[in-house]
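Remarks on the structure that follows.
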Amino acid sequence: MKAIERLRQIMHERGLTQADVARMCDIHTSLMNEIYHGKRKTLGMNTLIKLSRGLGVSIDNLVFGEQSRDDIEYINLVREFEERGISIEHMKEFLEWLRKIKL
């Protein structure tokens with residue numbers, strides 16, 4: 001199953017419109033329209049990441065229709081950090097700090 005087909009399936013299952021997905025995934029509505037109508041034959045990594053995060057599914061799930069346990073845990077962890085106001089950039093800085101102090 002292609003990522004675009006899987007995206008349509010997820011939208012149908014959840015009753016989401018193109019506008020809903022664009023808003024949830026922080027992508028422009030015109031890009032969402034191009035994706036949905038197959039005008040984009042492939043999706044870039046940034047778009048896949050945004051769709052993955054916004055929809056709460058792994059990239060594996062979007063691309064292959066499968067969801068790995070590691071991806072689910074990662075997405076949940078990122079969401080928890082974001083809900084607490086911790087950005088991905090802050091997480092990267094923290095990890096770099098841990099590397100420097102060799103923890």
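The values are calculated or read from the model by the stated rules, or taken from the named source; none is laboratory data. From a predicted model like this one, the values you see are computed outputs, not experimental measurements. We place every Cβ from the backbone using ideal geometry, glycine too, and count neighbours over all the protein chains shown.
General observations
- The residue of the stretch 32-48 that is modelled with the lowest pLDDT, among those that are under 15 Å from the mean Cα position of the chain (by Cα) and surrounded by 14 or more Cβ atoms within 10 Å (Cβ to Cβ), is LEU43.
- Counted residues, the stretch 83-103 - those being outside any loop (DSSP other than H, G, I, E, B) and over 19 Å from GLY54 (Cα atoms): 11
- The stretch 2-31, subset under 23 Å from GLU82 (Cα atoms) and of a type in the set (Gly, Ala, Ser), residue surrounded by the fewest Cβ atoms within 10 Å (Cβ to Cβ): ALA19
- Among residues that are modelled with pLDDT of 85 or more and either surrounded by 13 or more Cβ atoms within 10 Å (Cβ to Cβ) or in contact with a Gly (Cβ under 9 Å, 6 or more places away or on another chain) (or both), ARG79 is not included.
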